[in-house]
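Written out below as structure tokens is the structure these notes cover.
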Amino acid sequence: MPGNPSPDAEQLLKALIEQMRPAVAPETGLIGIHTGGVWVAERLHQALKPAIPFAALDVSYYRDDYEARGLRRDVKRSEIPFEVEGRDLILVDDVLYTGRTIRAALNELFDYGRPASVRLATLVDRGGRQLPIAAQFVGARVDVEPSISIDLTRGVDGRLAFVLNRRAS
């Protein structure tokens, strides 16, 4: 979009890694939200090297707009290959906007057990919150008008990039 350059996802990922490095212990669970958050969590896991594998959540069934949106065609399986109960977790998403996806992720996480703590990491915080949710680790805060979506893509080489798109009215 003219006048709105896309944030550099790879640079933001580097900044996020450095912010998170002191906070990630060997037993910290990294949990990415499908799809972009899983890509980010995978890269964070490679860089920060916690002792346990990273996890993935698809919050489709937990969204508060499930009835209005219906089921997406590409629903993924949630996979948490470690015990949630009593563990420090970092929930990872690509773009934080209204907070509703994070609310859904928290609801699903608590179905797996009661973690000791849950913190949030995101590459981009675009503001516009509808719920009292804030990220503890943020690559960048970006101001774009509500009609613009910030979409994370992943190339065949694994590199991440943001694309700005105008939403259909």
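The values are calculated or read from the model by the stated rules, or taken from the named source; none is laboratory data. Treat the numbers as computed from the prediction; the structure is a model and nothing was measured. Cβ coordinates were reconstructed from backbone atoms using ideal geometry, including for glycine residues, and neighbour counts include every protein chain displayed.
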Do we have any residue at all in the range 116-132 that's aliphatic (A, V, I, L, M), surrounded by fewer than 13 Cβ atoms within 10 Å (Cβ to Cβ), at pLDDT below 95 and in contact with a helix residue (DSSP H, G or I) (Cβ under 7 Å, 6 or more places away or on another chain)?
no
All but one of (1) buried (at least 16 other Cβ atoms within 10 Å of the Cβ); (2) assigned to a helix (DSSP H, G or I); (3) out of contact with any helix residue (DSSP H, G or I) (no Cβ under 9 Å at 6 or more places or on another chain) hold for residue 104; state the number of the condition that does not hold.
(3)
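Among the residues of the range 85-107 satisfying the criterion of being within 10 Å of the chain's Cα centre (by Cα) and of a type in the set (A, V, I, L, M, F, W, C), which is nearest to residue 9 (Cα to Cα)?
Initial filter on the range 85-107 (within 10 Å of the chain's Cα centre (by Cα)): 90-96, 101-102, 105.
Next, only the ones that are of a type in the set (A, V, I, L, M, F, W, C) stay: 90-92, 95-96, 102, 105.
Values: 90: 19, 91: 18, 92: 14, 95: 11, 96: 14, 102: 20, 105: 23 Å.
Only one residue tops the list, namely 95.
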Considering the range 137-158 alone, what residues qualify as being surrounded by 15 or more Cβ atoms within 10 Å (Cβ to Cβ) and of a type in the set (Lys, Arg)?
154
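In the list 121, 161, 140, which residue meets the criterion of being outside any loop (DSSP other than H, G, I, E, B), touching a residue at least 40 places away in the same chain (Cβ under 8 Å) and farther than 28 Å from residue 27 by Cα? Steps first, please.
Values: 121 fails: farther than 28 Å from residue 27 by Cα; 140 fails: farther than 28 Å from residue 27 by Cα.
Residue meeting the stated conditions: 161.
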Inspect the range 27-43 for any residue being over 27 Å from residue 142 (Cβ atoms), of a type in the set (D, E, K, R) and either modelled with pLDDT under 95 or touching a strand residue (DSSP E or B) at 6+ places or on another chain (Cβ under 9 Å) (or both) and give the result as yes or no.
yes
Find all pairs meeting these conditions: Cβ atoms under 6 angstrom apart; at least six residues apart or on different chains; first residue within the range 43-56 and among the aromatic types (Phe, Trp, Tyr); second residue not in a helix (DSSP H, G or I).
54/30
